[in-house]
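The structure appears right after this line, and notes come after that.
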Amino acid sequence: MEREFPDGRDLNRVFPGSKSGSLASKVANKLMAEIVPQTDLIIDFHTGGADRFNAPQIRIISHEPVLDELANIFGAPFILYSKNIKKTFRNACYKLGIPLLLFEGGKSLHFDNTIINTGVNGSKRVLSHLDMLSSKFKVSQPKKDSVSIVKSRWVRAKYSGMFKPSVKLNCFIEKGEVLGNITDPYGKFNHFIKADCSGYIISINEAPIVYKGDALLHVSVELVQN
């Protein structure tokens with residue numbers, strides 16, 4: 001039920017690990033030494049944390065044709081190009097030359113049928129593409145092509161208070177559109193949050209109480225031009 005190991009370390013920040021390090025580091029080392037070298041492809045499933053609900057998306061680095069092809073076959077609504085973070089599982093696999101698709105969707109400790117179905121169906125498409133799926137399984141194709149995002153940014157809270165978004169996940173918003181508001185319990189203060197650019201909403205902070213500086217909404221800034 002927790003992301004951290006008993007020693008307080010985040011497993012996804014200690015890769016590739018070591019034989020003589022912390023408990024998390026030893027687990028990372030075991031995975032990288034014995035499991036990962038046996039693989040041809042990895043799909044890593046993540047959820048949003050800290051009450052952030054992520055739209056279903058595949059995250060990959062840019063300029064990797066194999067990852068581009070597999071990400072489009074997976075068929076999530078969004079493909080987000082993002083740099084590998086040091087000491088993460090994704091970065092460690094990249095250094096070994098193992099292609100990895102990172103799926104983000106939903107939020108931690110929460111089940112959502114749309115997110116689950118997107119992850120399952122996307123995995124089946126990839127398996128089918130690799131001739132690894134039994135013919136008894138039906139493989140559905142996505143209704144729309146994935147939207148590829150080159151650049152994105154978070155809209156942050158300028159005030160503390162009660163946050164209520166007025167836009168929905170996956171929707172396209174226009175510059176100047178009201179995205180939500182922050183108010184106080186008595187209704188004496190009401191701050192409207194307006195978009196400073198057009199783009200897709202790919203994550204929403206669902207926490208009812210937010211503090212100044214908190215990330216509220218993740219918005220695409222630049223898309224891949226077809």
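The values are calculated or read from the model by the stated rules, or taken from the named source; none is laboratory data. Computed from a predicted model, the values in this text were never measured in an experiment. Positions of Cβ are backbone-derived with ideal geometry, glycine not excepted, and every protein chain shown enters the neighbour counts.
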For region 1-90, give me every one of the strands (runs of 3 or more DSSP E) that falls completely inside it and has 2 or more residues that are surrounded by fewer than 21 Cβ atoms within 10 Å (Cβ to Cβ).
42-48
Got a number for residues in region 111-121 being without any contact (Cβ under 8 Å) to a residue 40 or more places away in the chain and outside any loop (DSSP other than H, G, I, E, B)?
4
Between residues in region 193-222 that are in a loop (DSSP other than H, G, I, E, B) and residues that are surrounded by 14 or more Cβ atoms within 10 Å (Cβ to Cβ) and among the acidic types (Asp, Glu), which pairs lie under 6 Å by C-beta distance while being six or more apart or on different chains?
ALA195/GLU177; GLU206/ASP51; ALA207/ASP51
ARG90 vs. criteria touching a helix residue (DSSP H, G or I) at 6+ places or on another chain (Cβ under 6 Å), of a type in the set (D, E, K, R) and not assigned by TED's automatic domain parsing to the domain that holds ALA157
no
Just one of (1) surrounded by fewer than 14 Cβ atoms within 10 Å (Cβ to Cβ); (2) touching a strand residue (DSSP E or B) at 6+ places or on another chain (Cβ under 8 Å) trips up LYS188, so point out which.
(2)
Filtering region 122-159 down to residues that are β-branched (Val, Ile, Thr) and not in a strand (DSSP E or B), which residue is surrounded by the most Cβ atoms within 10 Å (Cβ to Cβ)?
VAL126
Since LYS212 meets every condition but one in (1) surrounded by 18 or more Cβ atoms within 10 Å (Cβ to Cβ); (2) out of contact with any strand residue (DSSP E or B) (no Cβ under 8 Å at 6 or more places or on another chain); (3) of a type outside the set (A, V, I, L, M, F, W, C), which condition does it not meet?
(1)
